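A quick write-up on the structure given underneath.
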Amino acid sequence: MRRSLKLAAVVLSGSLSIASLAACGAKSTDNPTPGASGASGASGVKVGMAYDIGGRGDQSFNDSAARGLDQAKDELGVQVTEAEAKTGEAEADKEARLKSLVGAGFNPVIAVGFVYQAAVEKVAKDNPNVKFAIIDSASDTQPSNVTSLTFSEQEGSYLAGVAAASKSKAKHIGFIGGVQSELIKKFEAGYKAGAKSVDPSIVVETTYLTTPPDFSGFNDPGKGKEAALGQLDKGADVIYSAAGSSGNGAIEAIAGSKGKWAIGVDSDQAKQPALKKYEASILTSMVKNVNVAVFDYIKAYKEGNPLTGVKNFDLKSEGVSLSQTGGFLKDIQPKLDAATQQITSGATKIPTTPES
């Protein structure tokens, strides 16, 4: 998804021009509430957000981050600008995007996705007076002005696995990962562990769409659809996709096969405009509340008490959860509640790497 540049009246400071922001795919919006808590005009908090591949409108991960940004704009009166990654871009492009935001006076700058880790570290080191946040990544080498916003994806995925195994009539389910990476393996590991806690003999198909440095697996619905069709042909009747907008294609394929269930990811995908027509086939979604992390980070910064280090959002803090849209989990809710209690109490430890 690519958007044309839409600039509202926003004062851009620094040495970069509007043209340079446009070259990086930036979209700026004016402060909607001048004078609110001192956030008026150029003197207010100006938040720059760099999206992962797919950007706003992916119906999944980026859209969850966008909701947090929109909430901060509406409730905190901050100014915002957005830019997004392009499939196949070089590392230098990510650095240029972040530098453009910094040069235009945006502080803090939020990078959405682990693909920004190296670029964030480099640009943050060169700009120690600017605060950065990166979602889904943490590093021992990152500068002190970088905050990591991470999630316990394995915990929410464990519940998704419990739901999948409980609903599967074929005792055969599937997992589709966008890119074979440490992050997505956390989803796979939790899902498989949850499923096997219900039925140790259940068959779990696993398909990854791409491997690094090819990250197109997060933004290729065609590949997602093909992978889902392949798993359906093998007998899977519940399929969980952790693949960004590629998962949209998987959901479409599953919806076209009677009696089969899709499990969405990151956002409540049954409520997403482009996927609502498939809601009767979406069993649930493993919701990752990136919006909460984004809003909390911006709010803390605006209040003069910025978050630092690594801030993790787990099942206990409602950083991850299962959506209830459609009411399809009602019959197995006691089982899910019991699993949740075991996780939050620490009695059940969820693996972060898949068992072989």
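The table for this structure:
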read-out: Projected area, mean over directions - region 110-225, Cα convex hull, nm²; value: 8.2
read-out: Cross-link partners of Lys46 among lysines (Cα-Cα below 24 Å; sequence separation of 8 or more within a chain); value: Lys6, Lys27, Lys73, Lys86, Lys94, Lys99, Lys122, Lys125, Lys131, Lys299, Lys302, Lys311
read-out: Under 5 Å, built H, 5+ apart or other chain: amide partners of Glu205; value: Ile173, Gly174, Phe175
read-out: Solvent-accessible area per residue, Å², over the chain with all protein chains present [probe radius 1.4 Å]; value: 39
read-out: Dipole axis of region 88-216 (+1 Lys, Arg; -1 Asp, Glu on Cβ), positive-most option in Gly190, Tyr116, Ile173; value: Ile173
read-out: Phi to ³J(HN,Hα) by Karplus 6.51 cos²θ - 1.76 cosθ + 1.60 over region 271-279, Hz, x for Gly, Pro; value: 9, 6, x, 6, 10, 4, 5, 9, 4
read-out: Carbon/sulfur fraction of accessible area - the chain, other protein chains in place, 1.4 Å, %; value: 51
read-out: Helix 91-103 vs. the chain, principal-axis angle (Cα, 0 to 90°, nearest 10); value: 50
read-out: Per-selection Kirkwood Rh - region 31-187 (Cα, Å, 1 d.p.); value: 17.2
read-out: Helix-derived mean residue ellipticity, 222 nm - over the chain, DSSP H n ≥ 4, -39500 (n - 2.57), to 500; value: -11000 deg cm²/dmol
read-out: Residue-wise HN-Hα coupling along region 257-268, computed from phi with Karplus coefficients 6.51, -1.76, 1.60 (Hz; x: Gly, Pro); value: 10, 4, x, 9, 10, 10, 10, x, 8, 6, 10, 6
read-out: Considering only region 56-192, percent of DSSP beta bridges that pair antiparallel, nearest 5; value: 0
read-out: In degrees, nearest ten, helix 333-344 long axis to first principal axis of the chain (Cα); value: 60
read-out: Shape category assigned to region 201-356 from the gyration tensor of Cα positions, a/c cut at 1.5; value: prolate
read-out: DSSP beta bridge pairing in the chain, given as percent antiparallel to the nearest 5; value: 15
read-out: Karplus-derived 3J(HN,Hα), 6.51/-1.76/1.60, for each residue of region 136-144, Hz, glycine and proline x; value: 6, 7, 8, 9, 5, 9, 6, x, 5
read-out: Interchain or long-range residues, amide H under 5 Å from Asn219's placed H; value: Ser246
read-out: Nonlocal amide H pairs with Thr284, under 5 Å, H built at 1.01 Å; value: Gly264
read-out: Dipole moment magnitude, nearest 20 debye, the chain about Cα centre, only Lys, Arg, Asp, Glu C-beta charged; value: 440
read-out: Neighbour net charge for Ser257 - beta-carbon separation under 11 angstrom, K R +1, D E -1; value: -1
read-out: Environment charge of Gly161, counting only residues whose C-beta is closer than 15 Å and scoring Lys/Arg +1, Asp/Glu -1; value: +1
read-out: Among Ser281, Ser201, Ser168, residue whose mean-square fluctuation peaks in a GNM of the chain (springs only between Cα atoms under 10 Å); value: Ser201
read-out: Correct option for mean projected area of the Cα convex hull in nm² [calculated from the coordinates] among (i) 17.1; (ii) 19.1; (iii) 25.4; value: (i)
read-out: Euclidean distance between Cα centres, region 312-339 to region 141-176, Å; value: 12
read-out: Degrees between helix 153-167 axis and first principal axis of the chain (Cα, 0 to 90, nearest 10); value: 30
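The values are calculated or read from the model by the stated rules, or taken from the named source; none is laboratory data. The structure presented is a predicted model; accordingly, all values stated were derived computationally and were not measured. Counting neighbours? That spans all protein chains shown, and the Cβs are built from the backbone with ideal geometry, glycine included. Ligands, DNA and RNA are excluded from the accessible area calculation, which covers all protein heavy atoms including side chains. Shrake-Rupley method; radii C 1.70, N 1.55, O 1.52, S 1.80 Å.
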